Amino acid sequence: MRTVYVNGAYVPENEAKVSVFDRGFLFGDGIYEVASVLGGKLIDFPAHMARLHRSAGELGMRFTVSDDDLLAIHRELVSRNNVDEGVVYLQMTRGAIDREFTFDTEKLTPTLVLFTQSRALIDTEVAKNGMKIVSIPDLRWGRCDIKTVQLLYSSLGKMEAKARGADDAWLVRDGVVTEGTSNNAFIVTSEGAIITRPLSHSILPGITRAALMAYCAANGTTIEEREFTIEEARGAAEAFITSASVFVGPVISIDGVEISGGKPGPVTLGLRKTYLEESLKRAI
Ligand code: PDD
């Protein structure tokens, strides 16, 4: 049985408790991070914690735990649960108080929950064979740059993708692709240009996206930040996604249109290799 962390205590997963009045449960008033683990070490960890601080700041949520403690909790859970490959999920909510829409943040103690999920991340079906994408309208709220636990639309989007025989969905707003349900979207043009849309309130500033861009910049590969339509994506030479749990994931079809001959493309596979090599060097 897994050991999980709840508000200062390490407990067996079936004994972990959070209040029914928790604002994360009642209002989706919570933020989260997912950091991957490779060889028992955390990938892109400082950047994930920096984004957690940013999310808390944007929502005016108190931050009552130190970065050193957060690292120690992550490491303790990885160790207690013998995670070699997998993820650590962290959720922080504004806290628990009787149900009112308004709140006094200062009177609330944030709820902090972490747990691990062991699973293969490198040798996966998606890495080998790629993923099929369908497009759906982006009907999420206007602050998708904050990593909140309000994931219902993303969850339903993935369900719709599965129902349509695909693996995931890309979201389209005002005629352009914003991002995937839980990942950032990229295309490679027939001229070899690698493109992803610029950051804004419409997308999550992905940690994997930022790390990949930095590694590419360092080795002289340009990633261009500009918007692209779903039609352009369907006609692209290659397409891929980035996220903490998939890293760089090849896309092999969009809305039933085959991309890159229906198999992972060479540029995508090269970027996956670069990301894994560089992020492993920095794993802690
Ligand atoms: N999802 N966009 C959205 C909407 C996301 O939910 C995520 C991450 C990303 C990629 O961000 P990063 O590279 O920092 O993981 C982009 C996580 C993995 C999840 O919800 O499980």
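The values are calculated or read from the model by the stated rules, or taken from the named source; none is laboratory data. Predicted model, so just to flag it, every value in this text is computed and none were measured. Note that we place each Cβ from the backbone using ideal geometry, even for glycine, and neighbour counts take in every protein chain shown. For the accessible areas, the whole protein counts, side chains as well, though only heavy atoms, and no ligand, DNA or RNA atoms are used. Shrake-Rupley method; radii C 1.70, N 1.55, O 1.52, S 1.80 Å.
General remarks:
- The spacing between the stretch 24-51 and the stretch 117-153, judged by their C-alpha centroids, is 15 Å.
- Here the 3J(HN,Hα) profile of the stretch 99-113, calculated from phi with Karplus coefficients 6.51, -1.76 and 1.60 at θ = phi - 60°, is 5, 9, 5, 8, 7, 10, 3, 5, 8, 9, 9, x, 8, 10, 10 Hz, Gly and Pro shown as x.
- Residues whose amide H comes within less than 5 Å of that of Leu42, counting only those at least five positions distant or on another chain, are Ile284 (H built at 1.01 Å from N in the peptide plane).
- Applying both filters, DSSP loop and at most 15 other Cβ atoms within 10 Å, to the trypsin sites (Lys or Arg not before Pro) of the stretch 209-265 gives Arg226.
- Computed over the stretch 125-282, the Cα gyration tensor eigenvalues convert (square root of 5λ each) into semi-axes of 22, 18, 15 Å, ordered from largest to smallest.
- Helix-derived mean residue ellipticity, 222 nm - over the chain, DSSP H n ≥ 4, -39500 (n - 2.57), to 500: -9000 deg cm²/dmol
- Assuming charge only on the beta carbon of Lys and Arg (+1) and of Asp and Glu (-1), the dipole of the chain about its Cα centre is about 320 debye to the nearest 20.
- For the stretch 132-197, the set of chymotrypsin sites (Phe, Trp or Tyr not before Pro) satisfying both a DSSP loop assignment and a count of at most 11 other C-beta atoms within 10 Å is given as Trp141.
- HN-Hα J in Hz across the stretch 83-90 - Karplus 6.51, -1.76, 1.60, θ = phi - 60°, x for Gly and Pro: 7, 8, 9, x, 9, 10, 9, 10
- Rolling a 1.4 Å probe over the protein chains gives Arg140 an accessible area of about 40 Å².
- Global form of the chain, assessed from the alpha-carbon gyration tensor, a/c cut-off 1.5: prolate
- Spatially near lysine pairs across the chain, Cα under 14 Å, sequence gap of 8 or more or different chains: 7
- The residues of the chain have, on average, 46 Å² of accessible surface per residue, using a 1.4 Å probe with all protein chains present.
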